[in-house]
Amino acid sequence: MDKISNAGIFTILFVSSLTIMAGAVIAPSLSGILANNDLGFSASWLITLPSLGVVLFAPIIGRLVNKLGTLKLLYIGLIPYAILGVAGGYITSDYLLILDRILLGAATVAIQVSITTYIAQFFTGDARMKMIAWQGMAIELGGVVFLAIGGIVGEINWQFPFYIYLTALVCLVLVAFFLPKPESKEQAEVSHNESNSVSKTTIKLIFITSLLAMMLFFIGFVTLPLYLPQSFNFTESQTGYLLASISIIAILTASQMPRMVKAQGSTKTVALGFLFFALGYLVLATTSSLAFLIVTVIFIGIGFGFTIPLLNHLMLENSTPQNQGKNLSLFSMGVFGGQFLSTFIEFISDAYIAIYGVATGLAFIFCIGIYFVFQKVIK
């Protein structure tokens, strides 16, 4: 199998960054979108509808990755990603806009599953964990760059952030030039009889945990773009900078995740991530000071860095070549299903303090429950 060059590694990480921007790139200009469109649904749905698309189409993508191969599926995902993303800024029909954002999710899961499977084909062991950590960092770095750009151009015109989706076409060119085709090879038969039940339990646990972690993380992304202008008079660019700051902390944390796992183990690391989610929303629920927003940014960023990249690695480590595509699509369903579920937090109350209070309680409960369940299931 060909060795991946540095340009190839850069391409993998660049492509991975597209997954975070599927919904989040327009978050800073959400108030501007709402002001210029007579939407018949909550504006936050524009951020989370792609997540619903991922959940709906992930089972299909899980089968296609083995039939088509990783690179073919990646090409199939990148082109509609760019087209559907830009189109969302110009569609005036509520029904067509909802369909567009859902189909954008289908393209997103094709990108995520294919690029993560590609990593699994070229990396193993500690090298794979390191690459998955880098992937998590790249996803959040994409959040930093795309959110910041989205906030800046969103102040000029609310439609401009939608053009950022054209980045997928740049990725398409890089993939064609720098990613070698994986070797097609006979997969060795794996004995599942001894570990099948344990394996299924582990996969289900990772799926549920990823769903809960991303739900907590994304509560901030669907509420802060409306909460910050209302409570602190933030502009679109200022909102983008704050959301990007969360991503910066997540990058730094993800870079240290492999060391944390070696020192404390997977169980404590994941539980610690949920604890930081709880602390982040506790600050929002109990204070209204601009200075304390910095503390929230740090805590929520750490929460992401200790959960999603590690859970992604655990899903790969507990998969075989035969069920890898299926399990990665399940992981995508968990991650993006959590994003979609975060939308419903708005139904709890019109008061953001109450919303953040509920998020705090949920995070504490999940932290304790996951710690004890992980001890029994994850080795």
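In table form, for the structure just shown:
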read-out	value
Accessible area of Arg63 in the full protein assembly, 1.4 Å probe (Å², nearest 10)	150
Protein accessible area in segment 1-68, 1.4 Å probe - carbon and sulfur %	59
Largest-first ordering by accessible area, 1.4 Å probe, given options Leu293, Leu64	Leu64, Leu293
Segment 134-184, accessible surface, carbon-and-sulfur percent (1.4 angstrom probe)	73
Karplus-derived HN-Hα couplings along segment 86-100 (A = 6.51, B = -1.76, C = 1.60, θ = phi - 60°), whole Hz, x at Gly and Pro	5, 4, x, x, 10, 6, 9, 7, 4, 5, 5, 5, 4, 4, 4
Average Cα contact separation per residue, the chain, under 8 Å, 6 or more apart, as relative contact order %	26
Computed helical MRE - 222 nm, the chain, DSSP H runs ≥ 4 contributing -39500 (n - 2.57), nearest 500	-27000 deg cm²/dmol
Range of Cα positions in the chain per principal axis (Å), largest first	58, 44, 35
Given 10 as the ceiling on other Cβ atoms within 10 Å, longest exposed-site-free region of the chain for GluC sites (Glu not before Pro) in DSSP loops	195-379
Segment 301-341, accessible surface, carbon-and-sulfur percent (1.4 angstrom probe)	62
R0 of 56 Å, Cβ-Cβ distance Asn6-Tyr95: FRET efficiency to nearest 0.05	0.80
Residues of segment 303-323 with amide N under 12 Å of a point placed 7 Å along Cα→Cβ from Tyr371	none
Ranking by accessible area, most exposed first, for Thr124, Thr267 with a 1.4 Å probe	Thr124, Thr267
Exposure ranking of Thr343, Thr201 by accessible area [1.4 Å probe, largest first]	Thr201, Thr343
Solvent-accessible surface (1.4 angstrom probe) belonging to Lys130, in square angstrom, nearest 10	110
Estimated FRET transfer efficiency (Ser349, Val295; beta-carbon r; R0 30 Å; 0.05)	0.85
All lysines inside 28 Å of Lys204 as judged from Cα atoms, apart from same-chain residues fewer than 8 positions distant	Lys67, Lys130, Lys262, Lys268, Lys326, Lys376, Lys379
Nitroxide proxy distance, nm - points 7 Å out along Cα→Cβ at Val358 and Lys130	4.4
Top positive-direction residue, dipole computed over the chain with Cβ charges, set Ile206, Leu103, Met137	Ile206
Per residue value of the accessible surface for the chain (all protein chains in place, 1.4 Å probe), Å²	41
With eigenvalues of the C-alpha gyration tensor scaled by 5 and rooted, segment 234-293, Å	27, 16, 7
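The values are calculated or read from the model by the stated rules, or taken from the named source; none is laboratory data. The model shown is predicted, which means the values in this text are computed figures rather than measured ones. Reconstructed Cβ throughout: ideal geometry from the backbone, glycine too, with neighbour counts over all protein chains shown. Note: accessible area is taken over every heavy atom of the protein model, side chains too, but ligands, DNA and RNA are not part of it. Shrake-Rupley method; radii C 1.70, N 1.55, O 1.52, S 1.80 Å.
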